[in-house]
Every structure is written in C-alpha cells, then in structure tokens.
Amino acid sequence: MWNWEARGETEAQRLDRNWNSLVQEARIVQTGVQLLTGFLLILPFQSRFDELSDPMRWLYLVTVTASIVATVFLVAPVSTHRLLFRRRRLDEVVRAAHIFDLVGLVLLGVALSGVAVLIFAVVIGTIAGVIAGCCFAVLFALVWGVYPWYRRGREADYRSEYPGRQ
C-alpha cells in the first residue's frame, strides 16, 4: 500500500526494485564470504595446523562448514533467478532470495566468529580466542540482528517522524 501511494509503483515495479536491492546487498557479502571460505580451505595444508588441539580442529570444521554453507545460501539467489528467469515468478525469486540471504548472513556471522576464535587462540591463547569469538558473535548479533529488529518494531515512531507515510 505504501509503495503505491508514495512511489506510484506497480507490483511488478516493486518486485523489480526489491530484486535489485537484494542483488546489490548480496554483491557486498558474496565476495567476502568466498574469500573467507578460500582462506579456510587452505588452512589444513599449513604446517602449524597440526599444532591445533582436537577442540580447535572441531571448531575449524564447524567454521569451514558454516562458511561453505553461507556461500551456498548467499549465492543461491543467482541460481534461483536463473532457473526461474522468464517464468513470471519474480515474487517467488524475491521471497526465496530474502530467506537465503538471511540464512547466509547468520552463517557468515558464525563463520567469522569461529575464525576469530581460531586466530586469537593461535596467536594469544585459547581463553583469549574464546573471549574474542564471543565478543564478535555478540557484535554480529547486535549490529546485524538486534538493531534492525529494534528499528523494524518502531514503525509507529517512523510514521510520526515522517508524516504522510503509511
């Protein structure tokens, strides 16, 4: 309703705008998650990898798994779009891409937190690694999750700040 009144856009135009927004957002994280995954994939072939304790090896496996699966989810909108292209199902593509991107971002946060634990543990020690990983996990949760949900719940305040928007 708001889009029609404020923008004068049709449903198709709204879907095009949403798809373009999703693509632009995905471009930002796709390169980063692919580089992270590549970095993680070469770690076992480094000489110091053998020095990791068994719990750190398991953490590595969880981290690399989260990074690979995040890559899958963050790239999934591309394959979904390609396979449904010219099928008049952009609404389905946009809905799926939205979910894929959210799942991918959560997994990227898990992978980055795991990388922080691994790096800090190797450089300073296990306790510092766990503390760093927890701090980064909280940071990701706050910046990527809590803040947007908080702002989303304040729509009444938004409407009062910007009169005329429904």
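The values are calculated or read from the model by the stated rules, or taken from the named source; none is laboratory data. Keep in mind the model is a prediction, meaning the values are calculated, not measured. Every residue, glycine as well, gets a Cβ built from its backbone with ideal geometry; the counts of neighbours run over all protein chains shown. For the accessible areas, the whole protein counts, side chains as well, though only heavy atoms, and no ligand, DNA or RNA atoms are used. Shrake-Rupley method; radii C 1.70, N 1.55, O 1.52, S 1.80 Å.
Mean separation of Cα pairs under 8 Å and 6+ residues apart, divided by the residue count of the chain: what relative contact order is that in percent?
Computed value for the chain: 22 percent relative contact order.
Pop out the carbon and sulfur fraction of the accessible area of segment 1-84 as a percent, whole number, probe 1.4 Å.
Ligands and nucleic acids excluded, carbon and sulfur give 64 percent.
Using only helices, what value at 222 nm comes out for the chain when you add -39,500 (n - 2.57) per DSSP H run of length 4 or more and divide by the total residues, to the nearest 500 deg cm²/dmol? Before the final figure, lay out each step's value.
Details: 6 runs with 125 residues, N = 166.
-26000 deg cm²/dmol, from helical runs alone.
Multiply the residue separation of ALA141 and ARG88 by 0.36 nm, subtract the distance between their alpha-carbon atoms, and state the gained length in nm to one decimal.
Answer, rounded to one decimal: 15.5 nm.
How large is the charge dipole for segment 27-166, taken about the Cα centre, if only the Cβ atoms of Lys, Arg (+1) and Asp, Glu (-1) carry charge, to the nearest 20 debye?
With only Lys, Arg, Asp and Glu charged at Cβ, the dipole is about 780 debye.
Once the Cα atoms of helix 126-140 and of the chain are each reduced to a long axis, what angle between those two axes, in degrees from 0 to 90 to the nearest 10, is obtained?
Rounded to the nearest ten degrees, it is 0.
May I ask you to give the solvent-accessible area per residue for the chain, in square angstrom, as obtained with a 1.4 angstrom probe?
Value returned for the chain: 68 Å² of accessible area per residue.
What nm distance separates the two modelled labels at GLU25 and ARG48, each placed 7 Å from Cα along Cα→Cβ?
Label-label distance for GLU25 and ARG48, simple model: 3.7 nm.
Applying the Karplus parametrisation 6.51 cos²θ - 1.76 cosθ + 1.60 with θ = phi - 60° to the phi angles of segment 30-39, what ³J(HN,Hα) value in whole Hz is obtained for each residue in order, glycine and proline being reported as x?
Each residue of segment 30-39 in turn: 4, 5, x, 5, 5, 5, 4, 4, x, 4 Hz.
So, counting K/R as plus one and D/E as minus one, what does the shell of residues with Cβ under 9 Å around ARG17 add up to?
Surrounding charge for ARG17 is 0.
Which cross-chain or sequence-distant (5 or more) residues have an amide H under 5 Å from the amide H of GLU9, H modelled 1.01 Å from N in plane?
So GLU9 has HN proximity to TRP4.
Rounded, prolate or oblate: which fits the chain when a ≥ b ≥ c are the square roots of the eigenvalues of the alpha-carbon gyration tensor, with rounded for a/c under 1.5 and prolate only if a/b beats b/c?
oblate
Kindly write out, for segment 94-105 in residue order, the coupling ³J(HN,Hα) from the Karplus curve 6.51 cos²θ - 1.76 cosθ + 1.60 (θ = phi - 60°), rounded to whole Hz, with x marking Gly and Pro.
Those phi angles translate into 5, 4, 5, 4, 4, 5, 4, 5, 4, 4, x, 5 Hz.
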